[in-house]
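Worksheet for the structure shown next.
The values are calculated or read from the model by the stated rules, or taken from the named source; none is laboratory data. Just so it is clear, the model here is predicted, and its values are computed rather than measured. Note: ideal-geometry Cβ built from the backbone for every residue, glycine included; neighbour counts use all protein chains shown. Each accessible area value is taken on the protein alone, full model and side chains, heavy atoms only, with ligands, DNA and RNA left out. Shrake-Rupley method; radii C 1.70, N 1.55, O 1.52, S 1.80 Å.
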Amino acid sequence: MAGYSREVARRVFAQEFRESTLTFKDGDDQYAPQYLMTPTGARVNRIFIVGTLIEKEDIGTDSEYWRGRVIDPTGSFMIYAGQYQPEAAQVLAECETPAFVAIVGKPSTYTTGEGDVLTSVRPESIHVVDGQTRDIWVVDTAKKTLTRLKELEGGSDSPDVEKAKEYYAPDVKHYYSMVSQALQSLKESY
Amino acid sequence: MKEISQDIYRKFQELGVEISPEDIEDRLDKMVSKFKVPKEEARRSVVNYFLKEHNIPRNQFYTGQSESPMMKVSELNTDGKWVNIKGKVVQLWENTHESISQVGLIADETGTIKFTKWGSAEFAELTEGQSYLFRNVVVNEWNGKFQINMNKNSSAGQIEENITVGTSTYAFTGALVDIQTGSGLIKRCPQCNRALTKGACMEHGKVDGVYDLRIKAVLDDGITAQDAIIKRDLAEELTGFTLESAIALAADALDQGVVLEEMKKMLVGKYYTATGSRVERYLLVDSMVPKSTVDPQELDELIATAEVA
Ligand SMILES: [Zn+2]
């Protein structure tokens, strides 16, 4: 199929997302897509998150600019929506907290004066969902993370895995225990 | 014809029922020669006649000594028929019912069909991606759709042969991450049925459009993004809208776009299994099942995987 193919929305837990610091462009031209590479080798241009929106605040000065914090069993995602994300900003403005939300968005990074890299998400859409959907997402994200961890360990020759290994030298155990902790948190309900 | 009637005679004999061979032959002959009924239909009909006559339950007859016929998935359209099929388990779903052991989809080169393995079935758990020879499974019609049930009489044996699944049917499970423009309440060209853009048809220009509902969705499983087209019937089923209520809502709001907005609120962010046929990059969806819960067994298996490492 020629032409445009849509970027897949990757599944990454908050903890791993927070620990991601490597961004790169795929190609030289200015429209080349930008990616965030996570420590287990997810190549993220778009991300799908289902979690609990626990805080939201309009931090804009001239126009509305919403900041929200969405938590999953491993940590929290910061999300920012302003005039370029009108639909998402409107949902943030109107919804109650806490609420289960599903977010499709783009990863974004910011380097502080001290050289720390902060990750956040610019939502393309936010929708209020139910708790079941959130639990299904946790299982889904655990599965995808386990698959990436297997590839990391198994000496896969995929360039993404190579890149992640080379840059992060990830502690595989650390991420296995993150996945385990996320799944264990569902055990009370199932 | 003689063979068919002898076969029927033998099967009834096995069940301890003596029927006159002439009677069988007469009935068959009348159907085939006079009423142009295909032979297999005639056989079924004659068998049913004698089953009723002698008060024999259908499944006793079809699962007796005799072998159920080997059939393809696309041929499974007779309620209550016992069959053998060779197929691949292409998908297992979570099942929420205690008396059901497994539920999912089986496919062969001709199509895909839902199956339910009841708790009474005595064979081992089915594995996704494995091909099997299923014996004595029964076709069941529900809400106009056919499925197969596996029970105490059924068996499943793994086979080496890797069944090629028909490209015509395809199932995709993922999160519904977007609904694209051109969805919701739309208008179509009365001449060619194309969706209109700003009231105009690509081919026929400005026309008086006819209302329709459709959803152009993107399903995403984290590895692939799949474009899916959901037609009016299914869109109505999924959203609770009818074409009439959608038109009324749009008229109230003076904006056709409100229907799309409402649909997004209902569907985006949730997980579904969509089944249908694939045409180029589109999945033309025939059925769409929401994924409603976490499978506890899968959860335990994943925890074990994460902890062993
Ligand atoms: Zn036209």
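Compute the convex hull volume of the Cα atoms of chain A, divide it by the residue count, and report the result per residue in Å³ as a whole number.
Working: hull volume 29.8 nm³, N = 190.
With only Cα atoms used, chain A gives 157 Å³ per residue.
Report the convex hull volume per residue for chain B, counting only C-alpha atoms, in Å³. Don't skip to the end; give the middle numbers.
On the way: hull volume 62.1 nm³, N = 309.
That works out to 201 Å³ per residue.
Which whole-number percent is the relative contact order of chain B (Cα, under 8 Å, 6+ apart)?
Details: 569 pairs, mean separation 36.1, N = 309.
Worked out over chain B, it gives 12 percent.
To test your reading of the geometry: what angle, between 0 and 90 degrees and rounded to tens, separates the Cα axis of helix B:2-14 from the longest principal axis of chain B?
The angle comes out at about 80 degrees.
Once both axes come from the Cα atoms, what is the angle between helix B:39-53 and the longest principal axis of chain B, in degrees from 0 to 90, rounded to 10?
With rounding to tens, the tilt is 70 degrees.
Connecting C-alpha atoms closer than 10 Å in a GNM of chain B, tell me which of B:G104, B:G205, B:G87 has the biggest fluctuation.
Highest fluctuation among the options: B:G205.
Whole-Hz ³J(HN,Hα) for each residue in region B:73-86, computed from phi via Karplus 6.51 cos²θ - 1.76 cosθ + 1.60 with θ = phi - 60°, x for glycine and proline: what do you get?
Rounded to whole hertz, the list is 3, 5, 8, 7, 9, 10, 4, x, 7, 8, 9, 10, 9, 9.
Could you tell me what % of all Cα pairs in region A:119-160 have separations over 13 Å?
On the way: 595 of 861 pairs.
Tail fraction, whole percent: 69.
Please determine, in degrees from 0 to 90 and to the nearest 10, the orientation of helix B:243-253 with respect to the longest principal axis defined by the Cα atoms of chain B, where the helix direction is its Cα long axis.
10
Let me check something: with ligands and nucleic acids excluded, how do B:I100, A:I59 order by accessible area (1.4 Å probe), largest to smallest?
On the way: B:I100 35, A:I59 65 Å².
Ranked from most to least accessible, the order is A:I59, B:I100.
For chain B, modelled as a Gaussian network with Cα springs under 10 Å, which listed residue fluctuates most, B:I229, B:I179, B:I24?
B:I24
Nearest 100 Å² is fine: what is the total accessible surface buried where chains A and B meet, probe 1.4 Å? Write down the numbers at each step before the final one.
On the way: alone 10650 and 17720 Å², together 25440 Å².
Using a 1.4 Å probe, the pair buries roughly 2900 Å².
Could you tell me which helices of chain A pass both thresholds, a Cα extent of 20 Å or more along their own axis and a mean Kyte-Doolittle hydropathy of at least -1.0, with helices taken as whole DSSP H runs? Provide the component values of the computation, followed by the final result.
Details: long enough: A:131-153 (33 Å, -0.70).
Span-like helices, by this rule, are A:131-153.
Taking the Cα atoms of the protein assembly as shown alone, what are Rg (to one decimal) and Dmax (as a whole number) in Å?
Expressed in Å, the Cα Rg and Dmax of the protein assembly as shown come to 28.1, 99.
Mean separation of Cα pairs under 8 Å and 6+ residues apart, divided by the residue count of region B:169-290: what relative contact order is that in percent?
Over region B:169-290, the number comes to 32 percent.
I'd like the chymotrypsin sites (Phe, Trp or Tyr not before Pro) in region A:83-115 restricted to DSSP loop residues with at most 14 other Cβ atoms within 10 Å, sorted by number. Could the numbers behind the result be given before it?
On the way: sites: A:Y84, A:F100, A:Y110; in loops: A:Y84.
Answer in residue order: A:Y84.
Counting only protein heavy atoms and a 1.4 Å probe, tell me what percentage of the protein assembly as shown's accessible area is made up of carbon and sulfur.
About 48 percent, which is the carbon plus sulfur part of the accessible surface.
Rounded to the nearest 0.05, what FRET efficiency do B:N193 and B:D79 give with R0 = 35 Å and r taken as the Cβ-Cβ distance? Could you check?
Details: r = 34 Å, r/R0 = 0.96.
The formula returns an efficiency of 0.55 here.
Which listed residue (B:V165, B:A121, B:V139) has the Cα farthest towards the positive end of the charge dipole for region B:68-167, taking +1 on Lys and Arg C-beta and -1 on Asp and Glu C-beta about the Cα centre?
B:V139
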